[in-house]
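Values quoted throughout were computed directly from the atomic coordinates according to the rules given, and no laboratory measurement underlies them. Predicted, not measured: the structure shown is a model, and the values here were computed from it. Don't worry about glycine lacking a Cβ; one is built from the backbone with ideal geometry, like all the others, and counts go over all protein chains shown.
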Amino acid sequence: MEENNEKAEIYSQRVRAGKRTYFFDVKSTRSNDFYVTITESKRKFKDDAFSYEKHKIFLYKEDFAKFMEALQGTIDHVKSELLTEEALAALENPVVAETEANFDEELKWE
């Protein structure tokens, strides 16, 4: 383990989403138990400088299944009950949706 009292990081994945970045990190405890941290980092301007606002969730292995079930159920509900067909298509193919949005933007009159 690391000497400086920080938890050992086993795996990390970053997801950039506009002004936000999400980090999914697997860490281990001193007793070699594993857990996941999910961090939302949002860049903000203040006094002509950048700062970052961070929020973190600790997810322990005994809660993985319940967390995944609730997350999947929530996403399924949004997809099946709340989104229009166009919005759903954009979610399923984000590259095409972004290209179409950029194309539409270029066609707008000044």
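Odds and ends about this structure:
- Prolate/oblate/rounded label for segment 8-107 (Cα gyration tensor, a/c 1.5): oblate
- Cross-link pairs LYS19/LYS79; LYS19/LYS56; LYS27/LYS54; LYS42/LYS79; LYS46/LYS79 - those with Cα-Cα distance over 28 Å: LYS46/LYS79
- For segment 8-107, the relative contact order is 15 percent, taking Cα pairs closer than 8 Å that sit 6 or more residues apart in sequence and dividing their mean separation by the residue count.
- Sparsely packed trypsin sites (Lys or Arg not before Pro) within segment 13-100, loop by DSSP, other Cβ within 10 Å at most 10: LYS19, ARG30
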